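The next block holds one structure in the form of structure tokens; read it before the comments.
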Amino acid sequence: MRPLVKKILLFLSLALFSDLIYGQESYWQQEVNFTINVSLNDQDNILEAFETIEYINHSPDTLQYIWFHIWPNAYKNDRTAFSEQFLKERRTDFYFSKPGQKGYINQLNFKVDGINATVVNDTNNIDIIQVLLPKPLAPGSKTIISTPFKVKLPYNFSRGGHVGRDYQITQWFPKPAVYDQKGWHPMPYLDQGEFYSEFGNFDVEITVPSAYIVAATGVLQDAATLQELKEKGKHTADGNTKVWHYKQNNIHDFAWFASKTFIVQYDTAVLTSNKIVDVFSFYKPQSKGWKESIAYAKDGIRRYSGWLGDYPYSTCSVVQGSKNENSGGMEYPTITLITAQETGKELDATIVHEIGHNWFYGALATNERTHPWMDEGMNTFYQKRYETEKYPPTLSKKKSFLGNETSTDEHVIFETLAKIKKDQPIETSSTDFTTTNYALAAYYKTSWWMKKLEDELGRDQFDKAMHSYYSDWKFRHPYPDDFKTSLEKAAGKNLDSHFSLLNKMGSFDTTQKKSLKPAFVFNSLDNKHNYINLSPALGYNYYDKGMIGGMINNYTLPLPKLQYLAGVLYGTGSKKLNGFGRVSYNVYKRNYHVSTALSYNSYSQNDFTTADNTKLILGVKRWVPSVKLTLFDKDSLSTRRFVAQWKTFLLNEGALDFKTIYTATDTFDRVTTINNRSYINRLSLSVSDNRVLFPYSLTVSTDQGKDFIKTGLTGKMFFNYSDGKSGMSARFFAGKLFYLKPATTLVRFRNDRYFLNMSGPTGYEDYTYSDYFIGRNEFEGWQSQQVMERDGFFKVNTALLGNKVGKTDDWLMSLNLSSDLPDNINPLSILPIKIPLKIFADVGTYAEAWKENPASGRFIYDAGIQIPLFHSLIDIYIPIVYSKVYRNYYKSTITEKRFLKTIAFTINISKLKLQDVLKDIPL
């Protein structure tokens, strides 16, 4: 063997041998120890502080810089990752917050071993910086980093800040990002998406006005104050300020809370190992339901310790925070904040869930941002085990813990999302989850996955494996592969197939074909059956009067592919039987949805009384076959969609037939009813984005009838006002009608109802019967004042003219504006029931206005007051100013009760959409 070859082989052998020897010892993690002195100025809501950091480089790499998180800057302006994510969560409170409600961190002056350090701002996030080290930090070396800092505390939009004089001080100090085997992990502060920080020891002194009680991470060092809190639930307020000194080892974060009104409870939890844990509860005087909080905390500590291993610290505190509808609580080492308002079992579950994070997050410090399931989902599994064992189902109830017969709300919503291909895999980062899927996949589905793992291994073997995982990785940073390896080693079993489920969409439910079962009104959330729902049905229109009947449907969650609804209604006025129904078949894919449907309606739409006092009722039968394609963005977080839809309206309308009858001795008129058949083909294309700021839609719709083609473009946009609650909606319409044959007088007369209208069309002009009208063909009375949103959508109407103002068989354009009025100038705000008020304005033009001697000016307008009722299910419009042509019409035509007769209203049944009711389900 050649000498060179021998040397190469020897080198390779040594390298391989070295990997075998040191491969198992390759894990390392950095150590970051903090000393912080901080003072609270409760007049200006400011923290002034100084921190000293001992950074020990246990990595095999030489460090040239250290990434730092300065997360208070997330609240500095509306261009941060936090602000952008809030908008995606449909929250505008921070975006429109006042300058005084925002927060920031400044007055930083980093020194490394006493030498001024250069700071480089991250190019994308103002809450991330890079501190350049004056000299490289070699493996095994340490350095001392110090800086003063000042924090302007924000209003408590997310996890930290203040509400009045109650303080939640979280994510408040400059903190190094994690450096591990995968590299650096700098990350901006987010509301959805938690944290990843280095372990170390904390020594923190907190100076506050003496009236405050402080609850904080770690062990209070002042023995006298600690004893007072334990025995009296309060402390002696001597002097102007008081220092609260806390220490805690082996943690990766520090949080504290301050209030003048805290009630303090204290007890101890004794574990089976005889370890004693001090347990504190801090809550507000009016919160009677919190008296049991200390008992809930103790019970959770004991049970989790038995299932996983001893509680990792010597103290545990539970703090009641201000109400937060978007979060039940938030965990920090040794302390948790509870913002849910429940009591009893619900409060118990929330407290125990947050305390459980001392295992899953506190000791097992996973990367929560990238792998949220490793803390939230695992912890949810144990929370559900806790609830099931502590509050077992009664004999009258079925089981309720995962894999059971009775479905929970979260299970139903998850199964629905999975069925329509809108769920996401468990192994998804926090930033890529939709808000709904974050709760369902990271929490609920993971707990289900854990239950399946428990069932596969058996509870005893599963608990031993989880004990081993906790023991192996306590106070370390495990990744999913580490968790899998630990379990396989403890269980002695290959778990590849089970762990592969983490990356898959869909349900774990293996239930086969379900049997049919009738249910009255709606189903009872039994996951074993497909339900046929039976319910009463009611209706009303001017001609049928009250209608009563029943309907049958299979609309239930999860949504079936084949959906149907059918019903009958008896008209008490018309004495006729009416019907309605719809059947659709749906194909759900991740990026599109195809629905093929057929609907049917029949009801009375007009009446007529003959000379001999015979009342004739005219009905309509309407069949609508349709195909609808909805395309979604590949980005799951996007709210934009494209819709293409084809509908054919097949109509059979009752009409009057007037005939003159001649006899040998007399001549008389006879009125009978006939049926007119017609059709309309409609193709519509639309793009919309239902984002929380400036949502919009753009629709091009083309109708084709026997004699014409009519096309229209409708654009809508909502402009948010700075209060975050109100705004102005704008609607633009442009339409054009084309004849398919010569436009003779007869052809024009025959197609009159299809013309473009500047005014909102009446029931007669709703030629596809797409809107609900109380008195569809009334020309007098309040029913005649109903219009629909289409074409020009002016709120003034000249229906009694032979040739309506703004009606055209050529082209038409209009702009409609509607703006909210502030409550302080809304005269209806004095009412006990809140009724909002808006102002509207319309301007438009049409073909005839540009011809010689037009009846109106080239541009016409109207404006007035709008009263939206029931979230605009009904809108009432009171025109106040309008063009001269309308004024002349009202003066000459309407002589009595002129003001009342100018009022128009719409009834928008289309507002009652399934996706508006089921907001968590992106239909």
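Does region 280-288 contain any residue that is aromatic (Phe, Trp, Tyr), assigned by TED's automatic domain parsing to the domain that holds ASP432, farther than 18 Å from SER471 by Cβ and touching a helix residue (DSSP H, G or I) at 6+ places or on another chain (Cβ under 9 Å)? Scanning region 280-288 turns up no residue that is aromatic (Phe, Trp, Tyr), assigned by TED's automatic domain parsing to the domain that holds ASP432, farther than 18 Å from SER471 by Cβ and touching a helix residue (DSSP H, G or I) at 6+ places or on another chain (Cβ under 9 Å).
In this structure, THR596 qualifies as closer than 30 Å to SER638 by Cα, polar (S, T, N, Q) and in a strand (DSSP E or B). Among the candidates SER486, SER471, SER430, the residue that is at pLDDT 95 or above, within 27 Å of GLN30 (Cβ to Cβ) and in a loop (DSSP other than H, G, I, E, B) is uniquely SER430.
Specify which of the listed residues (VAL219, VAL178) is surrounded by 18 or more Cβ atoms within 10 Å (Cβ to Cβ) and either touching a His at 6+ places or on another chain (Cβ under 9 Å) or of a type in the set (A, V, I, L, M, F, W, C) (or both).
Exactly one residue qualifies, and that residue is VAL178.
Every listed requirement among (1) in contact with a Lys or Arg (Cβ under 9 Å, 6 or more places away or on another chain); (2) over 26 Å from ASN690 (Cα atoms); (3) free of Cβ contacts under 8 Å to residues at least 60 places away in the same chain is met by LYS615 save one, (1).
Figure legend. Inter-residue proximity from region 482-499: first residues under 17 Å from MET374 (Cα atoms), second residues outside any helix (DSSP H, G or I) and aliphatic (A, V, I, L, M), beta-carbon distance below 9 Å, spacing 6+ or different chains. Indicated pairs: PHE483/LEU364; LYS484/LEU495; LEU487/LEU495; GLU488/LEU495. In region 645-652, the condition of being in contact with a Pro (Cβ under 6 Å, 6 or more places away or on another chain) and not assigned by TED's automatic domain parsing to the domain that holds LYS706 is met by at least one residue. Taking region 777-794 as the range and being under 38 Å from the mean Cα position of the chain (by Cα), over 23 Å from LEU713 (Cα atoms) and part of a loop (DSSP other than H, G, I, E, B) as the test, no residue passes. Checking TYR662, TYR585 one by one, the residue that is surrounded by 14 or more Cβ atoms within 10 Å (Cβ to Cβ) and hydroxyl-bearing (Ser, Thr, Tyr) is TYR585 and no other. In region 464-481, the residues that are touching a residue at least 60 places away in the same chain (Cβ under 8 Å) form Cβ pairs under 8 Å with partners that are outside any helix (DSSP H, G or I) and polar (S, T, N, Q), at six or more places apart or across chains, as follows: PHE475/ASN250; ARG476/GLN29; HIS477/GLN29; HIS477/THR366; HIS477/ASN367; PRO478/THR366; TYR479/THR366; TYR479/ASN367. All conditions in (1) at pLDDT 95 or above; (2) assigned to a loop (DSSP other than H, G, I, E, B); (3) surrounded by fewer than 23 Cβ atoms within 10 Å (Cβ to Cβ) hold for GLU342, with the sole exception of (1). Name the residue that is farthest from ALA730 (Cα to Cα), counting only residues in region 850-867 that are of a type outside the set (Val, Ile, Thr) and at pLDDT 95 or above. Ranking the candidates gives PHE859 first.
Could you grab me the full set of residues in region 343-373 that are acidic (Asp, Glu) and free of Cβ contacts under 8 Å to residues at least 24 places away in the same chain?
Across region 343-373, the qualifying residue is only GLU346.
Among the residues of region 186-242, just one is farther than 30 Å from HIS58 by Cβ, in contact (Cβ under 8 Å) with a residue 60 or more places away in the chain, outside any strand (DSSP E or B) and in contact with a strand residue (DSSP E or B) (Cβ under 8 Å, 6 or more places away or on another chain), namely TYR212.
Could you list, in sequence order, all residues of region 680-699 that are among the aliphatic types (A, V, I, L, M) and farther than 15 Å from PHE738 by Cβ?
LEU685, VAL687, VAL692, LEU693, LEU698
Per the listing ASP607, ASP635, ASP612, the residue uniquely loosely packed, with under 14 Cβ neighbours inside 10 Å, over 33 Å from the mean Cα position of the chain (by Cα) and acidic (Asp, Glu) is ASP612.
For (1) buried (at least 20 other Cβ atoms within 10 Å of the Cβ); (2) under 21 Å from TRP811 (Cβ atoms), each residue gets a yes or a no:
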site: PHE694; (1), (2): no, no
site: VAL700; (1), (2): no, yes
site: PRO761; (1), (2): yes, yes
site: ASP791; (1), (2): yes, yes
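Considering region 879-909, the residues that are of a type in the set (S, T, N, Q) and in contact (Cβ under 8 Å) with a residue 60 or more places away in the chain include one that is nearest to ALA855 (Cα to Cα), namely THR893.
Residues that are surrounded by fewer than 14 Cβ atoms within 10 Å (Cβ to Cβ) and more than 35 Å from the chain's Cα centre (by Cα) within region 816-854 comprise TRP850, LYS851, GLU852, ASN853, listed in sequence order. Out of the residues in region 98-116 that are among the small types (Gly, Ala, Ser) and surrounded by fewer than 19 Cβ atoms within 10 Å (Cβ to Cβ), state the one that is nearest to ASP191 (Cα to Cα). The extreme case among them is GLY100.
The set of residues from region 119-153 being of a type outside the set (A, V, I, L, M, F, W, C), surrounded by 14 or more Cβ atoms within 10 Å (Cβ to Cβ) and closer than 19 Å to PRO188 by Cβ comprises ASP122, ASN125, ASP127, GLN130, LYS152.
The values are calculated or read from the model by the stated rules, or taken from the named source; none is laboratory data. Worth saying up front: this structure is predicted, and the values here are computed from it rather than measured. Positions of Cβ are generated from backbone atoms using ideal geometry, with glycine treated the same way; all protein chains shown enter the neighbour counts.
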